[in-house]
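J.: Below is one structure. I have some questions about it.
What follows is calculated from the coordinates using simple rules that are stated; it is not laboratory data. As the structure is a prediction and not an experimental result, all values here were calculated from the model. Using ideal geometry, Cβ is built from the backbone for each residue, glycine included, and neighbour counts are taken over all protein chains shown.
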Amino acid sequence: MVLASLLIVVIAYLLGSMPSGYLLIRLFRHQDIRQSGSGNIGATNVLRSGGKGLAAATFLLDMLKGSCAVWLGGVIGGLLAPSVAPANMKALAALVAVLGHIFPVWLGFKGGKGVSTGFGVFLVAAPWAALAAISVFIVVLAISRYVSLASILGAASFPLFALFLGHGDRPPFFIAVQFAVALILIVKHHQNIGRLLAGTESRLGAKKTA
């Protein structure tokens, strides 16, 4: 179990820490996305920098790296720790992948807010809950045009959906990680929350950056 856990932590962190937005902007625009807009490396700031295609690619890659980390976590757990609940191995990979995205060693531990990667990890670990949560994101975004508010409410709704829509083995650690990741994503939006309360948060499509 120890070997499996260590291997999952290393692989999930390396996958999660891949700074997709930063690399794409560097490769195609020869710029540092951290010097634009909010300074965030996520898809929203890439979009606000004017790169719609690159923003879509950033979202997709950030989602896929989370999904791959959880899938590999399940495979590694099944091979090296078959007596451990597969859900726990996936949960460990999910947590570490999100933390890797938020704290990538390659960028001085200053990464994104983890929303796309969070969606990716739970799309594999708890697919129905993840789809329900992103539906909340889409509806809130369509109504308010606040990406931050949509992200916060989508993250907050996920563990609740997981309780009602989840099926199969759901050990305590797996459930705890669902709430932990949701809380981490919300906390990472603390500055956005302040701006939302103050009425100064930028809406999607506005020229002003968040």
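J.: Could you compute the FRET efficiency for Phe103 and Arg195, with r as their C-beta to C-beta distance and R0 at 22 Å, rounded to 0.05?
T.: Using R0 = 22 Å, I get an efficiency of 0.45.
J.: Moving on to the next point. Neighbour counts of other C-beta atoms within 10 Å: give me Phe122, Phe109, Phe174 arranged from fewest to most.
T.: Sorted ascending by nearby Cβ count, the order is Phe109, Phe174, Phe122.
J.: Return the sequence-ordered ³J(HN,Hα) values of region 190-203 in whole Hz as given by the Karplus equation 6.51 cos²θ - 1.76 cosθ + 1.60 applied to θ = phi - 60°, using x for Gly and Pro.
T.: 4, 5, 5, 4, x, 5, 4, 5, 7, x, 10, 6, 7, 8
J.: State to the nearest 20 debye the size of the charge dipole of the chain about its Cα centre, where the only charges are +1 on K and R beta carbons and -1 on D and E beta carbons.
T.: 720
J.: In straight Cα distance, which aspartates and glutamates are under 16 Å from Lys188, not counting same-chain residues fewer than 8 positions off?
T.: Once the sequence-local aspartates and glutamates are set aside, what remains near Lys188 is Glu201.
J.: Then there's this: Which whole-Hz ³J(HN,Hα) couplings does region 13-27 yield from phi under the Karplus relation 6.51 cos²θ - 1.76 cosθ + 1.60, θ = phi - 60°, glycine and proline marked x?
T.: For region 13-27, the Karplus-derived couplings read 5, 4, 5, x, 7, 5, x, 3, x, 4, 5, 5, 5, 5, 6 Hz, x marking Gly and Pro.
J.: Among the aspartates and glutamates, which have Cα under 18 Å from the Cα of Lys90 when same-chain residues fewer than 8 positions away are ignored?
T.: Qualifying aspartates and glutamates at Cα under 18 Å: Asp62, Asp169.
J.: Along region 135-141, what does the Karplus equation 6.51 cos²θ - 1.76 cosθ + 1.60 (θ = phi - 60°) give for ³J(HN,Hα), rounded to whole Hz, x for Gly and Pro?
T.: For region 135-141, the Karplus-derived couplings read 5, 4, 4, 5, 5, 5, 5 Hz, x marking Gly and Pro.
J.: Okay, next question. If each residue's Cβ is checked for other Cβ atoms within 10 Å, how do Leu141, Leu79 rank with the fewest at the top?
T.: Leu79, Leu141
J.: I would also like to ask the following. Can you tell me the FRET efficiency between Asp169 and Val2 if r is taken as the Cβ-Cβ distance and R0 is 22 Å, rounded to the nearest 0.05?
T.: 0.55
J.: Would you mind computing, in nm to one decimal, how far apart the modelled labels at Leu204 and Val10 are, each placed 7 Å from Cα along Cα→Cβ?
T.: Going from the Leu204 label point to the Val10 one covers 3.9 nm.
J.: Next question, about the same structure. If R0 is 35 Å, what FRET efficiency do you get for Lys110 and Ser144 from their C-beta distance, rounded to 0.05?
T.: 0.80
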